[in-house]
Amino acid sequence: MDIEKLSKELYEDLNGRITAVDYAAELVITFQCDDWNDYDVTRKFRITCHGVKESEVQPSSSGSLEFTGEHQLLWNHNEPHGYLYYSSKTENRHEILGRLWETHEIIFGGWRSLTDYANTYRTGQLIEFCKGANGQLAHGPKPLLEAYEHALVGKIKTNYVFSYQPEGGYKALVFDSCFVICRSVEVEEISSLQTA
């Protein structure tokens, strides 16, 4: 069995769940679900992730999983990075922050925090964001900064400045509510158990 077949066969009604996560030598996820052909059988898999760059995986239920090279979670590791600067005064800096937040949520849907990218300084205290006629709005992967720029067209003048190109070549193993960023994945079926 490979990860593509498991991804294709798994769906919500199969009671999929991550039962254990072991990060000794390599990240190993124990995953089980009902058999897609016989609901009286439970299948158990060992998913080994090689070359892990980032992991938010934890025991939880998951009705789906995907292993892909095209996901916004990968932007931090595969896309060029830079800074987004502004060079004009805004009438309403709270609107600018709101537009960035809305764009960010559409893209990441809770996977990553706006404060990881937006230059908000002391979030939760004073809003220092976008004071004055020039400064840094955000930093991060180019596709995200381009989306921010698009959200601010006509509101403030912006420009992107390249910073660096990450090593790249990573893929995302995405479950319902957690993920792993790694180079490759191996799947081994551990057992199939008759439950009734």
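Explain nothing, just the number: relative contact order of the chain, from Cα pairs under 8 Å at least 6 residues apart, as a whole percent.
Working: 405 pairs, mean separation 66.2, N = 196.
Relative contact order of the chain: 34 percent.
Please tell me which of these pairs span more than 26 angstrom C-alpha to C-alpha: 89/142; 5/53; 5/142? Walk me through the intermediate numbers first.
Numbers: 89/142 23 Å; 5/53 24 Å; 5/142 32 Å.
Pairs exceeding 26 Å: 5/142.
Tell me what the chain gives for mean residue ellipticity at 222 nm when only DSSP H runs of n ≥ 4 count, each as -39,500 (n - 2.57), the sum divided by the residue total, rounded to 500 deg cm²/dmol. Could the numbers behind the result be given before it?
Numbers: 4 runs with 37 residues, N = 196.
Computed mean residue ellipticity for the chain: -5500 deg cm²/dmol.
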Exercise for review: Subtract the Cα-Cα distance of residue 105 and residue 157 from 0.36 nm times their separation in residues, and report this length gain in nm to one decimal.
Suggested key: 16.5 nm
Revision key, fill the gap. With a 1.4 angstrom probe the carbon and sulfur portion of accessible area for the chain, in percent, totals 46
Exercise for review: Compute the Rg to Rh ratio over segment 11-71 from the alpha carbon atoms, using the Kirkwood formula for Rh, and round to two decimal places.
Suggested key: 1.00
Review point. For labels at residue 150 and residue 83 in the simple 7 Å Cα→Cβ model, what's the distance in nm?
Key: 2.5
Review point. Given charges of +1 on the Cβ of Lys and Arg and -1 on the Cβ of Asp and Glu, with all other atoms neutral, how large is the dipole of the chain about its Cα centre, in debye to the nearest 20?
Key: 1160
Practice item. Compute the FRET efficiency between residue 2 and residue 38 as 1/(1 + (r/R0)^6), taking r as their Cβ-Cβ distance and R0 = 22 Å, and round to the nearest 0.05. Key: 0.60
Check your understanding: Sorted by packing (mean other beta-carbon atoms within 10 Å per residue), highest first, where do 100-108, 18-26 land?
Key -> 100-108, 18-26
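Please give the length that would be gained between residue 68 and residue 92 if that part of the chain were fully extended, namely 0.36 nm times their separation in residues minus their C-alpha to C-alpha distance (nm, one decimal).
Details: separation 24, 0.36 × 24 = 8.64 nm, distance 3.92 nm.
Extra length available between residue 68 and residue 92 comes to 4.7 nm.
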Practice item. State, to one decimal in nm, how far the label point of residue 189 lies from the label point of residue 60, with both points 7 Å from Cα in the Cβ direction. Key: 2.7
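The values are calculated or read from the model by the stated rules, or taken from the named source; none is laboratory data. Quick caveat, the model's predicted, so the values are computed rather than measured. Here the Cβ is made from the backbone with ideal geometry for all residues, glycine too, and neighbour counts use every protein chain on show. Accessible surface is based on the protein model in full, side chains and every heavy atom, while ligands, DNA and RNA are left aside. Shrake-Rupley method; radii C 1.70, N 1.55, O 1.52, S 1.80 Å.
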